[in-house]
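**Q** Please see the structure below; I have some questions.
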Amino acid sequence: MVLNLNLFFSDNKFVGSYNDIMDLPTSNIWECCFAGRSNVGKSSIINAITKNKYLANTSKTPGRTQNLNVYQIKEKINVIDLPGYGYAKVSKVYREQLSDLIDSYIKIRKNLKIIYLLIDCKVGLKNSDIDILDVINDSNKKFTVIITKIDKCSPSFINKQIDSVRSFMKNYEKNFTNMYSSSSLKNKGIVDIQKNIYNLSK
Ligand code: GDP
């Protein structure tokens with residue numbers, strides 16, 4: 001199963017980078033997206049899932065960090081890398097532009113099946129995560145939480161963080177579907193996320 005999954009995910013390509021949702025290619029296949037604060041490990045996890053060390057580096061290309069970067073797996077599912085939010089050292093106008101783009105994407109995109117919301121294990125939930133949870137809730141989309149970089153924390157801290165995030169998700173139980181913990185560095189939890197995305201493509 002693992003081998004087949006890797007084969008499925010290794011058929012990946014970069015479709016494009018968009019800063020206006022009206023420019024996004026229309027699509028009749030399901031789509032999932034990765035959301036989270038900047039530095040949460042979004043690019044690393046997309047690379048780990050696709051077994052492509054460089055795929056999500058396209059989102060780090062100057063001019064693309066504030067864009068929606070679109071990847072496609074086996075022409076069966078779109079994976080969207082949303083711009084990282086919550087970076088303190090940017091202007092208010094820039095922050096507002098980013099959240100407008102993210103919010104309108106989540107609200108409008110019809111084929112968006114699931115949002116993977118990444119939370120850094122060490123950092124936990126921040127206000128900017130709660131802002132996006134409220135957008136998800138208002139748009140009535142489903143989301144799954146992925147706790148990232150668990151290799152940086154002790155097992156007891158990981159459990160504490162998982163309990164604390166899970167308990168907060170009671171506020172969003174209508175849309176909350178599941179929770180994973182992962183380490184892209186140690187390849188932990190990646191297969192579970194692959195299975196989840198693979199199931200969406202069927
Ligand atoms: P993004 O800004 O959300 O795309 O985050 P990146 O994927 O670029 O990762 C941000 C930083 O965290 C980089 O220095 C990565 O090497 C590091 N990082 C990402 N995932 C992991 C992980 O699973 N474990 C550890 N220890 N570091 C990670």
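The values are calculated or read from the model by the stated rules, or taken from the named source; none is laboratory data. The structure presented is a predicted model; accordingly, all values stated were derived computationally and were not measured. No Cβ is skipped: glycine too gets one built from the backbone with ideal geometry, and neighbour counts run over all protein chains shown. Protein only, heavy atoms only, side chains kept; ligands, DNA and RNA dropped before computing areas. Shrake-Rupley method; radii C 1.70, N 1.55, O 1.52, S 1.80 Å.
**Q** Would you check the accessible area of Asp163, probe 1.4 Å, heavy atoms only, in square angstrom rounded to 10?
**A** Its heavy atoms expose roughly 100 Å² to the probe.
**Q** Here's another thing I want to ask about it. With the cut-off at 1.5 for a/c, could you classify region 73-157 from its C-alpha gyration tensor as rounded, prolate or oblate? Provide the component values of the computation, followed by the final result.
**A** Numbers: a/c = 1.81, a/b = 1.18, b/c = 1.54.
Verdict is oblate for region 73-157.
**Q** Next question, about the same structure. Accessible area per residue for region 61-181 in Å², computed with a 1.4 Å probe and the full protein assembly in place, what is it?
**A** On the way: 6030 Å² over 121 residues.
Ligands and nucleic acids excluded, the figure is 50 Å² per residue.
**Q** Sorted by accessible area with a 1.4 angstrom probe, largest first, how do Glu96, Glu31, Glu173 fall?
**A** Details: Glu96 90, Glu31 0, Glu173 135 Å².
Highest to lowest solvent-accessible surface, that is Glu173, Glu96, Glu31.
**Q** Restricting to lysines 8 or more places apart or on different chains, can you count the pairs in region 89-164 with Cα atoms under 12 Å from each other?
**A** Details: Lys107/Lys141; Lys107/Lys142; Lys110/Lys141; Lys113/Lys141; Lys113/Lys142; Lys122/Lys149; Lys122/Lys152; Lys122/Lys160.
Counting lysine pairs in region 89-164 gives 8.
**Q** Among all stretches of the chain without exposed chymotrypsin sites (Phe, Trp or Tyr not before Pro) (DSSP loop, at most 15 other Cβ atoms within 10 Å), which one is longest? All intermediate terms of the calculation are to be shown ahead of the outcome.
**A** Details: sites that count: Tyr54, Tyr87.
With chymotrypsin sites (Phe, Trp or Tyr not before Pro) excluded where exposed in loops, the chain gives 88-202 as its longest stretch.
**Q** Percent antiparallel among DSSP beta bridges with both residues in region 65-202, to the nearest 5? Show your work: numbers first, answer last.
**A** Numbers: 6 of 17 bridges.
Just about 35 percent of them are antiparallel.
**Q** Among rounded, prolate and oblate, which fits region 31-178 when a ≥ b ≥ c are the square roots of the eigenvalues of its C-alpha gyration tensor, a/c under 1.5 means rounded, and a/b larger than b/c means prolate? Don't jump to the answer; show the numbers that get you there.
**A** Values: a/c = 1.28, a/b = 1.17, b/c = 1.09.
In terms of gyration-tensor shape, rounded.
**Q** Gaussian network model of the chain, Cα springs within a sub-10 Å range: biggest mean-square fluctuation belongs to which of Met169, Met179, Met22?
**A** Highest fluctuation of the listed residues: Met22.
**Q** Just flag the trypsin sites (Lys or Arg not before Pro) in region 1-102 sitting in loop per DSSP whose Cβ has no more than 11 other Cβ atoms within 10 Å. If you can, show how the numbers build up before the last one.
**A** Working: sites: Lys13, Arg37, Lys42, Lys51, Lys53, Lys60, Arg64, Lys74, Lys76, Lys89, Lys92, Arg95; in loops: Lys51, Lys53, Arg64, Lys74, Lys76, Lys89.
For trypsin sites (Lys or Arg not before Pro) across region 1-102 that sit outside H, G, I, E and B with at most 11 neighbouring Cβ atoms in 10 Å, the list reads Lys53, Lys89.
**Q** Expressed as a rounded percentage, what relative contact order does region 1-97 have, with Cα pairs under 8 Å and six or more residues apart? Can you show the working numbers first?
**A** Numbers: 138 pairs, mean separation 36.6, N = 97.
Worked out over region 1-97, it gives 38 percent.
**Q** Restricting to Cα pairs below 8 Å that are 6+ residues apart, what does the relative contact order work out to for the chain? Please round to a whole percent. Don't skip to the end; give the middle numbers.
**A** Values: 339 pairs, mean separation 48.5, N = 202.
Reported as a whole number, the value is 24 percent.
**Q** Given a 1.4 Å probe and every protein chain left where it sits, what share in percent of the accessible area of the chain is carbon and sulfur? Could you put the intermediate results ahead of the total?
**A** Working: 5140 of 10300 Å².
In the chain, the share of accessible area belonging to carbon and sulfur is 50 percent.
**Q** Separate question: List the aspartates and glutamates whose Cα sits under 19 Å from the Cα of Lys170, skipping any in the same chain fewer than 8 residues away.
**A** Asp129, Asp131, Asp134, Asp138
**Q** Could you pull out every one of the aspartates and glutamates with an alpha carbon less than 14 Å from that of Lys76, ignoring same-chain neighbours closer than 8 positions?
**A** Asp11, Glu31
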